[in-house]
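Right, one structure below, let's go through it.
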Amino acid sequence: MGKKKVSDNVKWQIVGLLKGGGKTQQEIAELVGVSQKCVSSIKKKHVSTGQVSKATIRRILIKKGLESHTAVSKPLLTAKDRIKRYK
């Protein structure tokens with residue numbers, strides 16, 4: 001059996017339960033429906049980085065209707081274009 005992708009909602013639910021305390025990793029795993037190893041690895045990643053990925057931030061901003069963009073770079077004027085422009 002291969003690994004199944006765990007959604008961001010489940011990951012944040014696990015982090016919330018871990019921060020809430022009072023439950024073991026095995027209890028959280030049974031509650032959420034993932035393996036204890038999955039809970040352990042999510043805890044390890046969250047403790048080591050303590051950050052949210054750029055993809056998560058981007059996804060939440062888009063969900064809220066806030067999108068960003070990068071301006072398109074325009075081509076520079078060539079000598080031929082400059083001559084046309086000043087005529």
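Helix-only estimate, please: 222 nm mean residue ellipticity of the chain, summing -39500 (n - 2.57) across DSSP H runs of length 4 or more and dividing by its residues, to the nearest 500. Before the final figure, lay out each step's value.
Values: 5 runs with 53 residues, N = 87.
Result for the chain, helices only: -18000 deg cm²/dmol.
For the chain, what does the relative contact order come out to in percent, with C-alpha contacts under 8 Å and a separation of six or more?
After rounding, I find 19 percent.
Between R82 and H69, what is the label-point separation in nm under the 7 Å Cα-to-beta-carbon projection?
The two pseudo-label positions are separated by 3.1 nm.
May I ask you to sort R58, R85 by Cβ crowding, counting other Cβ atoms within 10 Å and putting the fewest first?
R85, R58
Taking only the Cα atoms of the chain, how large is their convex hull per residue, in Å³?
In the chain, the Cα hull volume divided by residue count equals 188 Å³.
Can you pull out the GluC sites (Glu not before Pro) in the range 7-87 whose DSSP state is coil and whose Cβ has at most 15 other Cβ atoms within 10 Å?
Numbers: sites: E27, E30, E67; in loops: E67.
Here the GluC sites (Glu not before Pro) that fit, given the DSSP loop and packing criteria, are E67.
Rule-based calculations on the coordinates, nothing more; no lab input. Just so you know, these numbers come straight off a predicted model, no measurement behind them. Positions of Cβ are backbone-derived with ideal geometry, glycine not excepted, and every protein chain shown enters the neighbour counts.
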